[in-house]
Structure formats: C-alpha cells, structure tokens
Amino acid sequence: MLELKNVSYEVSDENDNKEILKDISFTIDERFVAITGPNGGGKSTLAKLVAGIIKPTSGRIYLDGKDITDLSITDRAKSGISFAFQQPVRFKGITVKDLIRFAVGHDISTTEACAYLSEVGLCAKDYINRELNASLSGGEAKRIEIAMTMARGTSLSIFDEPEAGIDLWSFQSLIKVFEHLHEKAGGSIIIISHQERILNIADKVIVLANGQIKDMGTRDAVLPGLLMDGPACEKLTEKM
C-alpha cells in the first residue's frame, strides 16, 4: 500500500519559489490506479516523488506502512518500487539481455529473457543482444522498459505515459501486459495517462491540476465527469 500525507514540492529560482505540488494526500492499495490531468499539472513530478528521483519539500510518503520519504531511489527500488520513464533511459554498452537479467536480480537463461520481450510484442531474436542505444526507436525502448519492469515484479510499478511511442502496438496488448504484471507480482500499478482506454481499466482515478487533487474516486465515479467537462485532463485521446 502506498500512502502520501500532505506532500508538497516546490522549486526555487532567483526571484521566487514555485509550488509544483500542494498538500497531496491519498492512499493507494487498488490493483490499477490512473493519474490524469492537464499537462503541467504535476503528474510526472508526483511519480518522481514516489520513485525517489526527487524529494518532497514537505509531507511524508509511506510504502506498506514504512516511511520511505528519506530513502534514496536505490533503496526505494530495493523496497519494491519500479518506475518506467516517459522517455526511457538508454544505456550504451548494455544489451537488452543484460538489462533484463539486472531487473530479475539473478542470472536467467536466454529463453527466459526472451519470454519477457515476447510479452511486449517484440521478436526476441531481433532484440535480445542489441544494445540500449540510439539505434532503438522510442517505441522499442519503451517496450523494453516495460519488459524490464515485468521482470522486476515489484509490489508497486509506476508507468509515466506508457502508451507514448507504441502506436504500432495495440492498446489491448498493452492492457494485457498490465494485467499479467499484476497477476505475477500483485501489489499496485500506477499509470499516468490521458488515454481513455487506459483510464477505463483503472480501479481508482486521481485527477491532478495546478498541483492539486481536483477529483479522486472509482473509474465509474470520476471518468464521466472528465468526459463531460471536455475535459479536466485537457484531452482524453480515445481516438487512436
């Protein structure tokens, strides 16, 4: 279970302090939770706070009852948090097979590593020995990152706009990956997205705008209001 208590985050420049997140509190123990809202509303910042990439200015963050606010990104990963970036990081000199082995945490066979690639729609024999460098397209890198997250099998997985760059891979396949990930690891999956088809699988939807929670509840309670408002999340691009 993830819990945020009165979490705020601000950045300073030469003239002023800008508050990016303002007194955010919620608890997540559902299977799928979608965070949506307008661009610049604080969604990616919130995800980075949970992952430990940045630290809150105030407030506390708890995972399964343990205060992880002051833990490093490495220690949070060890505690059971995975984070998939909106723009996947590339590691020159590291092969896809190496990355999946690192994610699993122990040596695995090529066949086992290939199975993760197959689940995200990649022909394993074409990718298993490739380096994670600029030769990969954005969509390929995104799928490999999702495969790595599956291989980790952590209790909390966070995906920042996982649909970006996967236009050649059906949304239904992406949703099946999330469902399989939950079947394997349990815990919770947080998905930051504007896509209605992704919001439709969420057990809980959190709407962030101007650094504050504007709405939060079940999919059935929140989603109709987003669609009617035209929308609070700036644009639900269901028409892909």
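The values are calculated or read from the model by the stated rules, or taken from the named source; none is laboratory data. What you are looking at is a predicted structure, and each value in this text was computed from that prediction instead of being measured. FYI the Cβ positions are ideal-geometry reconstructions off the backbone, even for glycines, and counts take in every protein chain you see.
For the range 22-44, does any single residue satisfy the condition of being touching a Pro at 6+ places or on another chain (Cβ under 6 Å), crowded, with 19+ Cβ neighbours inside 10 Å and under 27 Å from GLU179 (Cβ atoms)? No, because not a single residue in the range 22-44 is touching a Pro at 6+ places or on another chain (Cβ under 6 Å), crowded, with 19+ Cβ neighbours inside 10 Å and under 27 Å from GLU179 (Cβ atoms).
Would you call ILE53 buried (at least 17 other Cβ atoms within 10 Å of the Cβ) and either at pLDDT below 95 or within 16 Å of the chain's Cα centre (by Cα) (or both)? The answer is no for ILE53. Report, by residue number, each residue of the range 56-79 that is surrounded by fewer than 18 Cβ atoms within 10 Å (Cβ to Cβ), in contact with a Ser or Thr (Cβ under 9 Å, 6 or more places away or on another chain) and of a type outside the set (D, E, K, R). Matches in the range 56-79: THR57, SER58, GLY59, TYR62, ALA77, SER79.
Conditions: (1) surrounded by 14 or more Cβ atoms within 10 Å (Cβ to Cβ); (2) under 21 Å from the mean Cα position of the chain (by Cα). LYS97 meets all but one. Number of the miss? With respect to (1) surrounded by 14 or more Cβ atoms within 10 Å (Cβ to Cβ); (2) under 21 Å from the mean Cα position of the chain (by Cα), LYS97 is out only on (2). Of the residues making up the range 49-85, not one is without any contact (Cβ under 8 Å) to a residue 12 or more places away in the chain and either in a loop (DSSP other than H, G, I, E, B) or under 30 Å from PRO224 (Cα atoms) (or both). For LYS97, work out the one condition from (1) closer than 20 Å to LYS142 by Cα; (2) touching a strand residue (DSSP E or B) at 6+ places or on another chain (Cβ under 7 Å) it doesn't fulfil. So the condition that LYS97 fails would be (2).
Under 18 Å from VAL50 (Cβ atoms), in contact (Cβ under 8 Å) with a residue 40 or more places away in the chain and not aliphatic (A, V, I, L, M): does that describe SER157? Taking the combined requirement at face value, the residue satisfies it. The single residue among ASP23, ASP64, ASP70 that is at pLDDT 90 or above, over 18 Å from the mean Cα position of the chain (by Cα) and either on the phi < 0 side of the Ramachandran plot or aliphatic (A, V, I, L, M) (or both) turns out to be ASP70. Select from the range 171-228 the residues that are part of a helix (DSSP H, G or I) and of a type in the set (Gly, Ala, Ser) and list them in ascending order. Correct list: SER173, ALA185, ALA221, GLY225.
Just checking, how many residues over the range 127-159 are in a loop (DSSP other than H, G, I, E, B), of a type in the set (A, V, I, L, M, F, W, C) and buried (at least 16 other Cβ atoms within 10 Å of the Cβ)? Please lay out each step first, then the result.
The initial filter retains those residues of the range 127-159 that are in a loop (DSSP other than H, G, I, E, B), namely 128-130, 133-137, 153-155.
Within this subset, residues satisfying the condition of being of a type in the set (A, V, I, L, M, F, W, C) are 128, 134, 136.
Now narrow it down to the ones that are buried (at least 16 other Cβ atoms within 10 Å of the Cβ): 128, 136.
Result for the range 127-159: 2.
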